[in-house]
Amino acid sequence: MPALWLLPATLLVASPAFARFAPPVGRDLLLVRVEVRDDGEGPRTLRAVRRVRFERDGRGYLAVMAVDPARVDDSKGALSPYVALAHALVAPIAVELDAAGQMVRVRDADAAWARLRAVIAGPSPDAARAAALRVHDATGAAERDAALAGPLLAVLAAGDADHAPGVREVSLSAGATGTGTLAGTERTARQGDRTVLEVDASGTVDTAKGASEVTLFRRRTIDRGTGLSLETVEKRTATATAGGVLRNEVTVTIKPAVS
């Protein structure tokens, strides 16, 4: 899906009822997402930097973020669809969060989604753009909000911060990439004031182009004081039944902005 930015696979296990979420309020942070794709024709690197600021909002929080247009890059070239879509998110997007750091909704999501639609439509419609628009228009509200929140969701980790050290079995949904479940193990370790979670999982995922065998590795380094994942790394390999291998590595970091 052109605008869904490779949403991550989602854990199907419940988070603790109590989660400490205390992001730094009123400070600019940099949210950096780097993706390396390889479909057999050589690696392609996509990078986008967002500024994000957390503010108190009633009993929860408001995260306001915007893409920095000067810090968007695609190794394929400056005129790529990725760069165009990123520039459509230059206007600030406000994400409402509850007290535990879970997304409630994206404010004015319809307007932001319409801006992305205009980029997909382009100046001269063709068959590929028409197909992409059908997918865009069929996206439900929850998936739309998740796509607009983008890499912010990767750093909201309060529900996992207090996991006890050890190993447990987990199941994950395939996310926006298709339907299916990935099964595997999660290892948890404590490193000072940080919790490190590593997941290895695999399974069959059905997509519009057929079935694929997917393997996934994910590592999250969570600051227990804030409930933010300072670094999230996800590596995914999809081997299609019909042939072909797609490899993806996505790294999302959040850190203080330097003025």
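Considering every residue within segment 167-179, establish whether at least one is among the β-branched types (Val, Ile, Thr), open to solvent by 40 Å² or more (accessible area, probe 1.4 Å) and outside any helix (DSSP H, G or I).
For segment 167-179, residues among the β-branched types (Val, Ile, Thr), open to solvent by 40 Å² or more (accessible area, probe 1.4 Å) and outside any helix (DSSP H, G or I): present.
SER75: of a type in the set (Ser, Thr, Tyr) and free of Cβ contacts under 8 Å to residues at least 12 places away in the same chain, yes or no?
Spelling it out, it is not the case that SER75 is of a type in the set (Ser, Thr, Tyr) and free of Cβ contacts under 8 Å to residues at least 12 places away in the same chain.
Just the residues that are among the acidic types (Asp, Glu) and more than 14 Å from VAL72 (Cα to Cα), please, taken from segment 22-36.
ASP28
For (1) more than 30 Å from MET65 (Cα to Cα); (2) modelled with pLDDT under 95; (3) under 18 Å from the mean Cα position of the chain (by Cα), each residue gets a yes or a no:
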site	(1), (2), (3)
THR204	yes, yes, no
ALA211	yes, yes, no
LEU216	no, yes, yes
ARG220	no, no, yes
GLY244	yes, yes, no
SER259	no, yes, no
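Here are the criteria: (1) in contact with a helix residue (DSSP H, G or I) (Cβ under 7 Å, 6 or more places away or on another chain); (2) open to solvent by less than 50 Å² (accessible area, probe 1.4 Å). Tell me which single one THR207 does not satisfy.
(2) is the only condition that THR207 fails.
I'd like the full set of residues that are within 16 Å of ARG33 (Cβ to Cβ), open to solvent by 50 Å² or more (accessible area, probe 1.4 Å) and touching a residue at least 24 places away in the same chain (Cβ under 8 Å), limited to segment 231-259.
Selection gives GLU249, LYS255.
Looking at ASP137, ASP162, ASP200, can you tell me which residue is of a type outside the set (A, V, I, L, M, F, W, C), more than 27 Å from VAL49 (Cβ to Cβ), part of a strand (DSSP E or B) and open to solvent by 20 Å² or more (accessible area, probe 1.4 Å)?
ASP200
State all residues of segment 32-83 that are out of contact with any Leu (no Cβ under 8 Å at 6 or more places or on another chain) and polar (S, T, N, Q); if no residue qualifies, say none.
THR45, SER80
Yes or no, residue by residue, for (1) open to solvent by 10 Å² or more (accessible area, probe 1.4 Å); (2) in contact with a helix residue (DSSP H, G or I) (Cβ under 8 Å, 6 or more places away or on another chain):
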site	(1), (2)
ARG56	yes, no
VAL83	yes, no
ASP98	yes, no
VAL104	yes, no
ALA112	no, yes
ALA121	yes, yes
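Confirm whether VAL135 is among the β-branched types (Val, Ile, Thr) and under 23 Å from LEU89 (Cα atoms).
yes
Take the residues in segment 85-96 that are aliphatic (A, V, I, L, M) and part of a helix (DSSP H, G or I); name whichever of them is most open to solvent (accessible area, probe 1.4 Å).
My answer is LEU85.
The values are calculated or read from the model by the stated rules, or taken from the named source; none is laboratory data. The structure presented is a predicted model; accordingly, all values stated were derived computationally and were not measured. Counting neighbours? That spans all protein chains shown, and the Cβs are built from the backbone with ideal geometry, glycine included. Accessible surface is based on the protein model in full, side chains and every heavy atom, while ligands, DNA and RNA are left aside. Shrake-Rupley method; radii C 1.70, N 1.55, O 1.52, S 1.80 Å.
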